[in-house]
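To start, the structure itself, in structure tokens.
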Amino acid sequence: MKSLFVDCNHQLAPVLARVHRSGDPPISVNTQSFTSEDLPRLLEGYAICLDDHSYMPTPLLAQCRSLKHIVFLGTGAASYMNIAELGELGIKVHIIKGYGDTAVAEHTIALMFAAARDLARMDRTLRSGTWKPLEGMQLLGKTLGVIGLGGIGREVARIATGIGMNVIAYNRSKSADATVPMVDIDTLLVQSDIVSMNLTLNDETRGFLNADRIARMKKGAILINTARADLVDEAAMLAALKSGQIGHAALDVYHAEPLKKDHPLTGMENVTLSAHAAFRTLEASMTLLRRAIDIVKTLVH
């Protein structure tokens with residue numbers, strides 16, 4: 001079975017070459033930009049598609065007669081394709097877990113510091129020629145509420161505890177070996193100065209942080225999301241940012257990617273943005289692509 005890394009960018013191409021070993025199945029790469037409408041042409045003759053973070057519309061993949069497997073480079077495939085519909089077409093979606101827990105957690109902490117000290121706004125004003133020091137929030141002793149205590153959430157809690165923060169967590173299932181106090185979601189929202197979204201996205205968690213829950217947050221709290229945009233009601237978040245209910249949002253994920261330059265978020269001063277890059281470190285990318293190759297090996301042998 002032939003394999004194509006359909007959206008291999010110039011950053012990942014050398015990493016793929018670096019981790020590809022003698023005896024591994026060949027994987028073709030496409031580094032050219034494309035639209036969803038190009039998928040039937042690009043995937044013609046390929047049974048396996050490696051997908052970094054490109055949308056895979058069901059009607060277009062239905063035209064890819066040879067496609068049998070999608071290896072999604074991460075855990076959030078449901079944000080980019082309808083897994084159940086693809087299954088009905090005979091296309092199995094494979095995901096990769098745990099490859100970048102530390103990378104995403106470190107990025108979460110970086111966004112937390114950036115939001116607390118308003119670094120992005122000061123950077124913008126300085127570049128425009130204005131010297132305007134801004135007062136920020138000291139994090140020592142502040143309460144961080146971690147929503148979702150999986151691998152990434154645990155790393156976030158570990159690092160935040162290490163810098164002297166008071167960390168509490170909410171998890172949808174019991175976590176007997178949790179190293180921080182577990183609380184119900186209402187307690188977390190009321191007590192937290194910073195809220196970090198680290199849940200897995202599924203039908204039960206979609207829109208988890210809705211208008212009602214945002215209203216229960218401590219007024220002026222910082223919201224960080226490096227998980228999935230669909231965990232948060234976007235309209236409710238935008239309204240809360242305008243009213244000051246959310247003091248600052250630091251985001252790495254969006255409801256439609258790439259984020260358009262005229263999106264309301266891009267015009268808000270109390271927002272810090274990064275381009276879905278939390279998992280992008282060399283170490284995490286090497287682990288991710290090696291595991292992707294291993295999945296392809298099991299499929300072709």
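The values are calculated or read from the model by the stated rules, or taken from the named source; none is laboratory data. Owing to the predicted nature of the structure, the values given are computational and were not obtained by experimental measurement. Quick reminder, even Gly has a Cβ in these numbers, built from the backbone with ideal geometry, and neighbours come from all protein chains shown.
Data overview
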| read-out | value |
| --- | --- |
| Residue in the range 15-23 that is part of a loop (DSSP other than H, G, I, E, B) and of a type in the set (A, V, I, L, M) present | no |
| Filter result (of a type in the set (S, T, Y), surrounded by fewer than 19 Cβ atoms within 10 Å (Cβ to Cβ) and assigned to a loop (DSSP other than H, G, I, E, B)) within the range 55-95 | Y55, S66 |
| Residue selected from the range 32-54 under the condition in contact with a strand residue (DSSP E or B) (Cβ under 6 Å, 6 or more places away or on another chain) and under 15 Å from N9 (Cα atoms), by the criterion surrounded by the fewest Cβ atoms within 10 Å (Cβ to Cβ) | D51 |
| Selected residue [without any contact (Cβ under 8 Å) to a residue 12 or more places away in the chain and small (G, A, S)] from A78, A84, A103 | A84 |
| Criterion violated by A157 - all others in (1) within 22 Å of the chain's Cα centre (by Cα); (2) part of a helix (DSSP H, G or I); (3) closer than 27 Å to I295 by Cα satisfied | (3) |
| Residue within the range 41-51 that is in a loop (DSSP other than H, G, I, E, B), at pLDDT below 95 and assigned by TED's automatic domain parsing to the domain that holds K68 present | no |
| Residue count for the range 96-135, restricted to those that are of a type outside the set (A, V, I, L, M) and in a helix (DSSP H, G or I) | 11 |
| Matching residues in the range 216-237 - criterion: being in a helix (DSSP H, G or I) and closer than 16 Å to D184 by Cβ | R216 |
| Test: residue in the range 106-128 that is buried (at least 20 other Cβ atoms within 10 Å of the Cβ), closer than 30 Å to H69 by Cβ and within 15 Å of the chain's Cα centre (by Cα) | yes |
| Leading residue by the ranking (surrounded by the fewest Cβ atoms within 10 Å (Cβ to Cβ)) among those in the range 207-231 that are within 16 Å of the chain's Cα centre (by Cα) and of a type in the set (S, T, N, Q) | N225 |
| Pairs where the first residue, in the range 31-48, is closer than 13 Å to L60 by Cα and touching a residue at least 24 places away in the same chain (Cβ under 8 Å) and the second is in a loop (DSSP other than H, G, I, E, B) and among the aromatic types (F, W, Y), C-beta under 6 Å, 6+ apart | S36/Y55 |
| Within the range 246-301, tally of residues that are touching a Leu at 6+ places or on another chain (Cβ under 8 Å), of a type in the set (G, A, S) and surrounded by fewer than 17 Cβ atoms within 10 Å (Cβ to Cβ) | 1 |
| Residue ID - farthest from G153 (Cα to Cα), chosen from residues in the range 167-189 that are of a type in the set (S, T, Y) and touching a Leu at 6+ places or on another chain (Cβ under 7 Å) | S175 |
| The range 166-224, subset touching a strand residue (DSSP E or B) at 6+ places or on another chain (Cβ under 8 Å) and acidic (D, E), residue farthest from F113 (Cα to Cα) | D184 |
| Breaking point among (1) surrounded by fewer than 16 Cβ atoms within 10 Å (Cβ to Cβ); (2) in contact (Cβ under 8 Å) with a residue 40 or more places away in the chain, for K174 | (2) |
| Flag for T187 being surrounded by fewer than 22 Cβ atoms within 10 Å (Cβ to Cβ), within 24 Å of A211 (Cα to Cα) and either of a type outside the set (F, W, Y) or modelled with pLDDT of 95 or more (or both) | yes |
| Residues (more than 16 Å from M112 (Cα to Cα), of a type in the set (D, E, K, R) and outside any helix (DSSP H, G or I)) located in the range 244-301 | E257, K260, K261, D262, R280 |
| Scope the range 52-83; condition at pLDDT 95 or above, among the hydroxyl-bearing types (S, T, Y) and closer than 19 Å to N202 by Cβ; matching residues | Y55, T58 |
